[in-house]
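Each reported figure results from applying straightforward, stated rules to the coordinates on display, with no laboratory input. Values in this document were obtained by computation on a predicted structure and should not be read as measured data. Reconstructed Cβ throughout: ideal geometry from the backbone, glycine too, with neighbour counts over all protein chains shown.
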Amino acid sequence: MRVYVPTTLPGLAVAYRAGELGTGPLDAFAVTPALREWYLSDDIEELEYAALSRAAQASLRLLATDPQVARRRVVVAVDVPDGSAVADPDRGLDASALGEVRLPGPVRLAEAAAVHLDSRDAEPDVAAAAAALGAADLGDDDAQFTVDGAEDHELLWYATQEIPHLIG
């Protein structure tokens, strides 16, 4: 099963040095039954892109908590055994939890399939989105527009062998 783990560049650096993501339990995103129902598609590539997008939103939330971190969303795509990523049935159709899963422990970075990362060109929009996130959560439409602006930037794909260059 493919899961998408949100992080930041410093988080990726820590994972690279440790050889694993997180300490567990670990929050991630995947194609869950609730995500399938919400997205109304049977195309697995579209569904995985939706899960990746949800993870990118979670990465933005991580950026919002630390203003010193480079304003680039980071998502690590990891293959885990089926059944190891579990969705919370009580939050199944909660819009804020669509695609959210929990892994019981850390994930070996060797299991990573790819890293998805914003380009440097996205930094101003991602910075503005991170700054506006709190107001958007409170219902400010202008702030939500700013947050949505980060989603105009596609995350770039990197092979795991490129991680040293990304965190360098």
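Some points to look at:
- All other residues whose Cβ lies under 11 angstrom from that of ALA50 are scored, Lys and Arg at +1 and Asp and Glu at -1, for a net of -2.
- Separation in nanometres of the label points that stand 7 Å from Cα toward Cβ, at GLN68 and ASP43: 4.3
- Test item: Cα-centred dipole of region 2-161, Lys/Arg +1 and Asp/Glu -1 on Cβ, debye: 800
- The chain, helix-only ellipticity at 222 nm - DSSP H runs n ≥ 4, -39,500 (n - 2.57), divided by all residues, nearest 500: -12500 deg cm²/dmol
- Quick note on region 1-61: its Rg to Rh ratio, both from C-alpha atoms and Rh being the Kirkwood radius, is 1.04.
- As a calculated quantity, the FRET efficiency between HIS165 and ASP90 at R0 = 41 Å, using C-beta atoms, amounts to about 0.50.
- The slack between ARG120 and PHE145, meaning 0.36 nm per residue of separation minus the straight C-alpha distance, is 6.9 nm.
- Inverting the pair-averaged 1/r between distinct Cα atoms of the chain gives 16.1 Å as its Kirkwood hydrodynamic radius.
- Selection among PRO89, THR146, LEU21 by position relative to the dipole of the chain gives LEU21 as farthest towards the positive end (Cβ unit charges, Cα centre).
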